[in-house]
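Just below is one structure, and these are the notes that go with it.
The values are calculated or read from the model by the stated rules, or taken from the named source; none is laboratory data. Note that the coordinates shown come from a computational prediction; the quantities given were computed from them, not determined experimentally. Quick reminder, even Gly has a Cβ in these numbers, built from the backbone with ideal geometry, and neighbours come from all protein chains shown.
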Amino acid sequence: MKGKKEFTVDEASRIEKLIIQKLNASSAEQKSIRSKIRAIGFYASDFGIGGGYTVADFRRVVKILGKVDIALQQSNTSKVIVTKTETQDLLNTSNRKIMLDHSQSIIPQLKTLGFKGFETIEDIRRTNYVMLPKKRGIYIILYPADLPKYLSVGTGGAFKGRDPNVSIEELERNWVNNTPIIYIGKAGGESSSASIHSRLKQYFRFGEGKPVGHWGGRYIWQLDNADTMIVCWLELPDAIPAQIETALIKEFSAHYDQRPFANLKD
């Protein structure tokens, strides 16, 4: 064990503040934040909880010496520090944690978490999308081969006249080795009535060359044999898909130091 498994209330409070910062930080910022956490004595690797751990994970695996009443307060006031989302809620839906350990095989974990489908894009199109649920949630695109073959000109549509293709060099820079996950997407939310069915249908029509509005995730259409890629999804009727999507991407970035291949900022 590199670190400690027992912490004072003050140490735990400092670590929890840093965990909140880490989950809301860019991948470039996360490395220095993890170093600060380790300097206090907490090494996630000691407990096998992976780089995307939350405050709840920290409290679950360590012992905090003294009365635990940590509200992440500022030192000189009783005002609670407010973040974009509560850390404990980012990866939870209906009190069920949605987390992945990227040091382990991914597909069995997804199935355990309740993801359905695991169908190829080709098969989903062949059935006219009837297998896709008309509920909001998240979906993940999985690449079945180890190394991709890139296309200079993919099959994506020119949405609003914009060329969806990028250089081979750009695709190579974005590729992430040792993971089948190449895109994490969301469907529906507080201000959107989209469903997994409607969002994936739109996405795949874009991949057929139609000028429809699913510009995000377009890099997958510059991979050879895109139709063989595997799609799985998780219905989230009682959660906000955007929060779960963001948390999963941050968790991925914390492990690989970059986002999934086709998850772009623009």
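In region 24-43, which residue that is of a type in the set (A, V, I, L, M, F, W, C) and within 26 Å of N263 (Cα to Cα) is modelled with the highest pLDDT? First the steps, then the outcome.
Residues of region 24-43 that are of a type in the set (A, V, I, L, M, F, W, C), as a first pass: 25, 28, 33, 37, 39-40, 42.
With within 26 Å of N263 (Cα to Cα) added as a condition, the list becomes 25, 28, 33.
Numbers: A25: 72, A28: 74, I33: 90.
Checked region 24-43; the qualifying residue modelled with the highest pLDDT is I33.
Could you check, for region 228-242, whether at least one of its residues is assigned to a helix (DSSP H, G or I), in contact (Cβ under 8 Å) with a residue 60 or more places away in the chain and touching a helix residue (DSSP H, G or I) at 6+ places or on another chain (Cβ under 8 Å)?
yes
Can you tell me which residue in region 111-121 is surrounded by the most Cβ atoms within 10 Å (Cβ to Cβ), limited to those that are assigned to a strand (DSSP E or B) and on the phi > 0 side of the Ramachandran plot?
Kept after step one, since they are assigned to a strand (DSSP E or B), are these residues of region 111-121: 116-120.
From what's left, on the phi > 0 side of the Ramachandran plot: 117-118.
Values: G117: 20, F118: 14.
The residue in question is G117.
Can you work out which of the residues in region 2-24 that are touching a residue at least 24 places away in the same chain (Cβ under 8 Å) and under 24 Å from the mean Cα position of the chain (by Cα) is farthest from T246 (Cα to Cα)? Even if it seems obvious, please write down each step before you answer.
At the first step, the residues of region 2-24 found to be touching a residue at least 24 places away in the same chain (Cβ under 8 Å) are 2-9, 11-17, 19-20, 22-24.
When the remaining residues are screened for being under 24 Å from the mean Cα position of the chain (by Cα), the result is 15-17, 19-20, 22-24.
On the way: I15: 22, E16: 19, K17: 19, I19: 16, I20: 14, K22: 13, L23: 10, N24: 9 Å.
Applying the filter and picking the extreme gives I15.
Which residue is farthest from R259 (Cα to Cα), if the candidates are limited to region 2-23 and must be in contact with a Phe, Trp or Tyr (Cβ under 8 Å, 6 or more places away or on another chain), assigned to a helix (DSSP H, G or I) and not acidic (D, E)?
The extreme case among them is A12.
Whether any residue in region 122-145 is part of a loop (DSSP other than H, G, I, E, B), without any contact (Cβ under 8 Å) to a residue 40 or more places away in the chain and in contact with a strand residue (DSSP E or B) (Cβ under 8 Å, 6 or more places away or on another chain) is what I want to check.
Looking through region 122-145, at least one residue is part of a loop (DSSP other than H, G, I, E, B), without any contact (Cβ under 8 Å) to a residue 40 or more places away in the chain and in contact with a strand residue (DSSP E or B) (Cβ under 8 Å, 6 or more places away or on another chain).
Among the residues of region 197-227, which ones are under 22 Å from the mean Cα position of the chain (by Cα) and assigned to a loop (DSSP other than H, G, I, E, B)?
Once the filter is applied, which keeps residues that are under 22 Å from the mean Cα position of the chain (by Cα) and assigned to a loop (DSSP other than H, G, I, E, B), region 197-227 yields G213, H214, W215, G216, G217.
Going through region 24-35 one residue at a time, which ones are part of a helix (DSSP H, G or I) and surrounded by fewer than 15 Cβ atoms within 10 Å (Cβ to Cβ)?
Here is the first cut: in region 24-35, the ones part of a helix (DSSP H, G or I) are 27-35.
If the condition is that a residue be part of a helix (DSSP H, G or I) and surrounded by fewer than 15 Cβ atoms within 10 Å (Cβ to Cβ), then A28, E29, K31, S32, S35 are the ones that fit.
For region 123-164, which positions are aliphatic (A, V, I, L, M) and surrounded by 13 or more Cβ atoms within 10 Å (Cβ to Cβ)? Show your work before the answer.
Here is the first cut: in region 123-164, the residues aliphatic (A, V, I, L, M) are 124, 130-132, 138, 140-142, 145, 147, 151, 153, 158.
Of everything in region 123-164, those that are aliphatic (A, V, I, L, M) and surrounded by 13 or more Cβ atoms within 10 Å (Cβ to Cβ) turn out to be I124, M131, L132, I138, I140, I141, L142, L151, A158.
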